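Beneath this line is the structure, given in structure tokens, with notes to follow.
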């Protein structure tokens, strides 16, 4: 499991994500199915595994595999309610990743 930095680029010059965190999130987002699942989860406050299976047209095992990768990357949190799993997007991690991506590939020009 990745532990996320709580830095703010406006007040701290260090990167929002470590290199390992950045690479882990990038790998998790490299699969189109995971991105589609993440988009579905992000469209609501939380999303159940059953809804994801139904919407994506895949088995519970396939969804569980992709959810495990997204959880380990820190992109979502999972919560068990009885026998059901629910997922929620970690918007703070998405924002940190986006900021780090911009910092790495499109830094502001210094004049």
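No value in this document is a laboratory result; all are computed from the given coordinates. Fair warning: this is a prediction, and the values are worked out from it, not measured in the lab. No Cβ is skipped: glycine too gets one built from the backbone with ideal geometry, and neighbour counts run over all protein chains shown.
Things to note:
- Global form of region 19-105, assessed from the alpha-carbon gyration tensor, a/c cut-off 1.5: prolate
- The value of relative contact order for region 19-105, using C-alpha pairs under 8 Å at least six residues apart, is 30 percent.
- Segment residue 48-residue 65, extension gain: residue separation times 0.36 nm, minus the distance between their alpha carbons: 4.7 nm
- Applying 1/(1 + (r/R0)^6) with r as the Cβ-Cβ distance of residue 55 and residue 30 and R0 = 22 angstrom yields a FRET efficiency of 0.55.
- Extension gain, residue 19 back to residue 83 (0.36 nm per residue minus Cα-Cα distance, nm): 19.4 nm
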